[in-house]
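Where a number appears in this text, it was derived from the coordinates with a stated rule and is not lab data. Treat the numbers as computed from the prediction; the structure is a model and nothing was measured. Please note: Cβ atoms are built from the backbone with ideal geometry, for glycine as well, and neighbour counts cover all protein chains shown.
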Amino acid sequence: MIRNIFVKACLGQVISLSVTRFSLTSTLICRIAFGKIYDDEGLERRRFNELMIESQAMKGGLFESDYLPSFGWVDKLSGMIDRLDKTFKDLDEFYQEPIDELMDPSRPKSVNPNILDLLIQFKEEQSCSIDLTWDHIKAILMDSIKDKSKPYLST
């Protein structure tokens, strides 16, 4: 991050502190939650950012059925329901990928476990008071990430 700021400053380019802060925050969150570092300019980082932007848009989107439940057909007709379904399907796939990577038997054990490692361990050992499912684990990951990008998305 410092290198990127330095390079942009040397080239006389504008530096957006909100974008830089979002980049740092999402890097830390992904590192802690997934044990992964997404390259600032990489495809995975771009995908992560797009998913966060789209999920924020859906949270703030106008659904007619929120105000008049009998007008749910308007949401379907306008494409909002399909867009919402696609967004959550994409998010589900995004959260499933690191789970699949960690469940790979050929993967070496991590020296520094992340949140996902611990959740999988809780699920396998059944050491929680509840029976953890994969949907619970994805929900915990989603909750650990949600609203961390909000300041960037609202500017």
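Points to keep in mind about this one:
- Listed residues 65, 129, 144, most fluctuating in the chain (Gaussian network, C-alpha, under 10 Å): 129
- Of 123, 109, 138, the residue with the greatest mean-square motion in the GNM of the chain, using alpha carbon springs below 10 Å, is 109.
- Coil-residue GluC sites (Glu not before Pro) of region 1-77, DSSP, other Cβ within 10 Å capped at 15: 41
- For region 1-137, the fraction of C-alpha pairs more than 19 angstrom apart is 65%.
- The overall shape of region 53-93, judged from the alpha-carbon gyration tensor, is prolate: a/c is not under 1.5, and a/b is greater than b/c.
- For the chain, modelled as a GNM whose springs connect Cα atoms under 10 angstrom apart, the maximal fluctuation among 20, 87, 133 occurs at 133.
- Between residue 131 and residue 143, the distance separating the two model label sites (each 7 Å from Cα on the Cα→Cβ line) works out to 2.0 nm.
- Checked against a 23 Å cut-off, the cross-linked pairs 59/89; 76/146; 76/138 give Cα-Cα distances beyond that limit for 76/146; 76/138.
- Helix content alone sets the calculated 222 nm mean residue ellipticity of the chain: runs of n ≥ 4 DSSP H residues at -39500 (n - 2.57) each, divided across all residues, give -21500 deg cm²/dmol.
- The chain: relative contact order as a whole-number percent, Cα under 8 Å and 6+ apart: 31 percent
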